[in-house]
Amino acid sequence: MHKKDGMYYPSEEIAEGAHVNSEHIYKEAENDPVKFWEDRAREIDWREEWETSFIHKPPYFEWFLGGKLNITESFLDKNKDSDKTAIIFCPNSPDEEERKISYRELYREVNRFSNALKRMGVRKGESVGIYLPMIPEAIFALLACARIGAMHAVVFSAFSPSALRVRMQDVGARVLITADGFSRAGEFIELKKQADEGIKDTSVEKMIVVKRGSNEIDFTEKDVWYHEIIKEESEECPAEIMDSEDPFFVLYTSGSTGKPKGVLHACGGYAVQAKATGKLIFDLKGSDVFWSTADIGWITGHTYTVYSPLLNGATLLLFEGVPNWPEPDRFAKIIEKHKVTAFYTAPTAVRMLKTQLGDFQRELDSLRILGSVGEPIDEDSWEWFYKIVGKERCPLVDTWWQTETGGILMSSLPGVGPFKPTFAGRPFPGVKFKVYDEDGNEMPPNKEGDLVILPPFAPGMLRGVYKNDEKYREEYFSVFGEEVYYTSDTAYYDEKGLFRIVGRADDVIKVAGHRLSTGELENAISKHEDIVECAVVGIKDEIKGEAPVAFVVSNSGKDSDDLVGEVKKMLMSEIGPIASLKQVYIVPDLPKTRSGKIMRRIMKKIFSGEDLGDLSTLANPESVDGLKEEIQKGQ
Ligand code: PRX
């Protein structure tokens, strides 16, 4: 790599070896974006080719109409006789034996599971809940659903029973796939117990339990063991042939309200974008060992931990543990041992490793490409990642996308560049981003505004919000009209057309890369009987990027330490450990407008030390002093 004017460019060697190393692809895609995606679509296997490539009936759009496929055929059937490793599984404990699963074995395992699901009555189009840790069976579960045309609805295994319940109630799954228990770092999680609790008042009738923790569980009539139901099943299961626009999966994510929304993706377009972005952005080839550290509970876990590396015929690495356990050298050791070639992680992990020095002094000469995702990466962490992990040799692709976009839509390509620390980079070929002011006028370079996407939208983008069409229209296609996709991000671009993401414009916060809505946290806290009112804001955190703090108004004379403890516990049980509060402030009043809207912006500004601006619009300006006082006490 070499540096010029504060930007990095790939060396000749990297460029020469890369799938893409010239501007050509950008020009081609710009001239005819639909053709660009058609060409990408030809790189996956279709049973029947599509008749119409793209239809746009704002705010709806469809891709590859009439096309028929099953995503699993592009990597399972294709490689069914291959002994090449598809999955390297590294368990939580370094003392437990690792597992390698070949493409041939993956084909058989997925087919057995698919047959078992069918035997249980699971049909095409129905949803199946998945609540599993990062174990190979989680991948088998995803792929078995895909194979039989059922929609998987994965719930992050660190979500609490209540969070599982809300999602299962919305998606209406009859079957939930979970595990008895598992270890994460030094902690044991009784997942089945959580699942039992979480499915109360839902439509879940059957639970498939993977034996992982071997802990004692309450095994009742509704439960079956995974290893038992697949035992007698055939290793052949013909794939259900899907229409390109059939629903593929639902994944819940946080929006501006308290209720998570089920983002819906379609079969054909998602597969095309997952394959193309992995190939062009991570330069994936059959010889790669690709490690995306994202949990399958999140979109990155779906697209880049599972589907993209498989669609590109690479070997994927699946890691059950955490970066700094039992020692901070865990990531480096895994990269070294398994000769990882592309390593994709979140800035929060980079910051953690950087402060603990992560022992990346090792050679790590297998690495070719580094990637970052999920939140803006600060310059210091970017440079550390690039120098200490990538040895100034590997392109560092900062990748911007969302649960809704299905795959990456912004990132410089490794063989082309340029890479500018803190900038996500260039739009993916064929994707048109703009920055708008609030009236929908295009902003000039270096001016912040709303990041939007113009049609034709990439094929992997969402097709709807599950059972909530109004939400789809309202969240994504109402701010600037039905033809403009509103990202909810604030951004700007420089003279070279490189984009920098500033952050979310809504009430979503990114805690260690995980997407949470302050509204969701407030709903959970409000369930406490002593809380009259509350507001949650995200504040800067050294490691997590952002961390939530809560301001609560209480009507009880309860001891404040007790109340703080109860509020924190409330969030643990309603959402899970990712929602752990950095601080809870008990205050007499919250700043509000005359119409009663809580002014979270003011609370954020008190933390960041910004000028609070004109407070005269507040109904209760004196509340601000109360907040300042409490914050000072807490510091
Ligand atoms: O604010 C942006 C931020 O993460 C949001 C999407 O979150 P989620 O749906 O959980 O998907 C995360 C993984 C794809 C975006 O609206 N974000 C994502 N990637 C970046 C980013 N912010 C800055 N730089 C990125 N590379």
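The values are calculated or read from the model by the stated rules, or taken from the named source; none is laboratory data. Predicted model, so just to flag it, every value in this text is computed and none were measured. Cβ: placed from backbone, ideal geometry, glycine included. Neighbour counts: every protein chain shown. Please note that ligands, DNA and RNA were not included when accessible areas were found on the heavy atoms of the full protein model with its side chains. Shrake-Rupley method; radii C 1.70, N 1.55, O 1.52, S 1.80 Å.
One residue stands out among those in the stretch 18-27 that are surrounded by 15 or more Cβ atoms within 10 Å (Cβ to Cβ) and not hydrophobic (A, V, I, L, M, F, W, C): the one that is nearest to Arg368 (Cα to Cα), which is His19.
When the test is whether a residue is more than 16 Å from the ligand (Cβ to nearest atom) and among the β-branched types (Val, Ile, Thr), Ile578 does not pass it.
For Asp439, the requirement of being open to solvent by 20 Å² or more (accessible area, probe 1.4 Å), part of a loop (DSSP other than H, G, I, E, B) and over 22 Å from Phe54 (Cβ atoms) is met. Going by what's in this entry, would Asp77 be described as over 26 Å from the mean Cα position of the chain (by Cα), under 30 Å from Lys333 (Cβ atoms) and in a loop (DSSP other than H, G, I, E, B)? Judged against the criteria, Asp77 is not a match.
Residues in the stretch 25-74 that are more than 27 Å from the chain's Cα centre (by Cα), assigned to a loop (DSSP other than H, G, I, E, B) and more than 29 Å from Tyr476 (Cβ to Cβ): Arg47, Glu49.
Could you say whether any residue in the stretch 482-489 is open to solvent by less than 20 Å² (accessible area, probe 1.4 Å), under 27 Å from Met352 (Cα atoms) and away from the ligand (no atom under 11 Å from the Cβ)? The answer is no; no qualifying residue exists. A single entry from Met603, Met572, Met599 fulfils the requirement of being of a type outside the set (Asp, Glu), open to solvent by 70 Å² or more (accessible area, probe 1.4 Å) and modelled with pLDDT under 95: Met572.
Residue-by-condition table, conditions (1) touching a residue at least 40 places away in the same chain (Cβ under 8 Å); (2) on the phi > 0 side of the Ramachandran plot; (3) more than 16 Å from the ligand (Cβ to nearest atom):
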{"site": "Thr178", "(1), (2), (3)": "yes, no, yes"}
{"site": "Leu191", "(1), (2), (3)": "yes, no, yes"}
{"site": "Ser214", "(1), (2), (3)": "no, yes, yes"}
{"site": "Leu251", "(1), (2), (3)": "yes, no, no"}
{"site": "Pro260", "(1), (2), (3)": "yes, no, no"}
{"site": "Cys267", "(1), (2), (3)": "yes, no, yes"}
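Residue-wise test of (1) modelled with pLDDT of 95 or more; (2) more than 19 Å from Pro91 (Cα to Cα); (3) not assigned by TED's automatic domain parsing to the domain that holds Ser157.
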site: Pro309; (1), (2), (3): yes, yes, no
site: Gly313; (1), (2), (3): yes, yes, no
site: Leu317; (1), (2), (3): yes, no, no
site: Glu320; (1), (2), (3): yes, no, no
site: Pro328; (1), (2), (3): no, no, no
site: Ala332; (1), (2), (3): no, no, no
site: Lys337; (1), (2), (3): yes, no, no
site: Ala346; (1), (2), (3): yes, yes, no
site: Gln356; (1), (2), (3): no, yes, no
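Results for (1) modelled with pLDDT of 95 or more; (2) touching a helix residue (DSSP H, G or I) at 6+ places or on another chain (Cβ under 7 Å); (3) more than 16 Å from the ligand (Cβ to nearest atom), shown as yes or no for each residue.
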| position | (1), (2), (3) |
| --- | --- |
| Gly519 | no, no, no |
| Glu529 | no, no, yes |
| Val536 | yes, yes, yes |
| Asp541 | no, no, no |
| Pro548 | yes, yes, no |
| Asp561 | no, no, yes |
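Here Trp298 fits the description: at pLDDT 95 or above and surrounded by fewer than 24 Cβ atoms within 10 Å (Cβ to Cβ).
Residues that are open to solvent by 10 Å² or more (accessible area, probe 1.4 Å), touching a helix residue (DSSP H, G or I) at 6+ places or on another chain (Cβ under 9 Å), without any contact (Cβ under 8 Å) to a residue 40 or more places away in the chain and of a type in the set (S, T, N, Q) do not occur anywhere in the stretch 68-79. Selection of the stretch 461-487 for residues being in a loop (DSSP other than H, G, I, E, B) and of a type in the set (S, T, N, Q) yields Asn468, Ser478.
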